[in-house]
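These notes concern the structure reproduced below.
The values are calculated or read from the model by the stated rules, or taken from the named source; none is laboratory data. Model, not experiment: these values are computed from the prediction. Reconstructed Cβ throughout: ideal geometry from the backbone, glycine too, with neighbour counts over all protein chains shown.
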Amino acid sequence: MAIAALKTGTSYFSFTCVSCKKSKRTYLVEQVLDDETIKIQKYGELPRGNIPRDKILQKFLKDDRDNYEKAVICLSHEYGIAAFAYFRRVVENNISRMLDLIQEDAQASGEASETLKAIQSLRDDSPMSDKIRVANLALPSHLQPDGLNPLGRLYQVLSEGVHSLSEAECLKKARATSECLAFLVSELASRKEHRARFKSMVGGL
């Protein structure tokens, strides 16, 4: 059969797995041709691709799931400004609960009183510049991989205006915010679980 010449417009492709003969993927693409180039862009896919979510973070943010879902979806589509705005709102809504977890972990780990005072001071009303400085002192060292302080980064996010940044800058900051949240929540949750298991085992001896 003669193959029609490619031209500007849309095309439809369907693929079936050669092994199971059941799994199928369908793609819609748009192509734009000129005398020198061919630009092809996918604009539809069935079944829809899965958007990865951090299970521990998803559980922690169960009361703020709507904002978290919007943040994840915007990030997956690389809508930088929207993703950063939603992640900023997630941080703002959940920073107090995050401090509760950090304080509980610090107390259980026997952290110095200066660290506990710094955590408590973050709950007080003060300029954001002060909070960023204090946040860098309020996180126990075991939650700072290679000296990087995710809590200070989250407070910095709260101080940054979305519309003063470019799309690319917002996308980069949204990804960093997502990683900071996931790291802190997963580390704190696992340490809490390990402490509870240890107490249960040793208490039964």
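Things to note:
- Every test in (1) farther than 30 Å from residue 196 by Cβ; (2) without any contact (Cβ under 8 Å) to a residue 12 or more places away in the chain is passed by residue 81 save one, and that test is (2).
- Considering residues of the stretch 32-58 that are assigned to a strand (DSSP E or B) and over 33 Å from the mean Cα position of the chain (by Cα) only, the residue farthest from residue 72 (Cα to Cα): 33
- Considering residues of the stretch 65-90 that are under 11 Å from the mean Cα position of the chain (by Cα) and of a type in the set (Gly, Ala, Ser) only, the residue nearest to residue 50 (Cα to Cα): 76
- Hits in the stretch 187-205 - residues which are part of a helix (DSSP H, G or I), over 30 Å from residue 130 (Cα atoms) and of a type in the set (A, V, I, L, M): 196, 201, 202
- Neighbours by Cβ (under 7 Å, 6+ apart or cross-chain): first from the stretch 140-169, at negative phi; second not in a helix (DSSP H, G or I): 140/109; 140/111; 149/139; 151/139
- Residue selection: residue 6 fails the criterion of being surrounded by 15 or more Cβ atoms within 10 Å (Cβ to Cβ) and either hydrophobic (A, V, I, L, M, F, W, C) or in a helix (DSSP H, G or I) (or both).
For (1) at pLDDT below 90; (2) among the aromatic types (Phe, Trp, Tyr), each residue gets a yes or a no:
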residue: 137; (1), (2): yes, no
residue: 163; (1), (2): yes, no
residue: 168; (1), (2): no, no
residue: 179; (1), (2): no, no
residue: 183; (1), (2): no, yes
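- Considering the stretch 86-186, the qualifying helices (runs of 4 or more DSSP H), each wholly inside and each with 3 or more residues that are out of contact with any Phe, Trp or Tyr (no Cβ under 7 Å at 6 or more places or on another chain), crowded, with 17+ Cβ neighbours inside 10 Å and not hydroxyl-bearing (Ser, Thr, Tyr), run over 150-159.
- If you go through the stretch 47-81 and keep only what is surrounded by 20 or more Cβ atoms within 10 Å (Cβ to Cβ) and more than 27 Å from residue 190 (Cβ to Cβ), you end up with 74, 80.
- Scanning the stretch 127-139 for residues that are touching a residue at least 24 places away in the same chain (Cβ under 8 Å) and in contact with a Leu (Cβ under 9 Å, 6 or more places away or on another chain) turns up 128, 131, 132, 138, 139.
- Of all residues in the stretch 178-188, none satisfies being in contact with a Ser or Thr (Cβ under 7 Å, 6 or more places away or on another chain), in contact (Cβ under 8 Å) with a residue 12 or more places away in the chain and not hydroxyl-bearing (Ser, Thr, Tyr).
- Residues satisfying the stated conditions in the stretch 101-114, i.e. closer than 19 Å to residue 185 by Cβ and over 26 Å from the mean Cα position of the chain (by Cα): 107, 108, 109, 111
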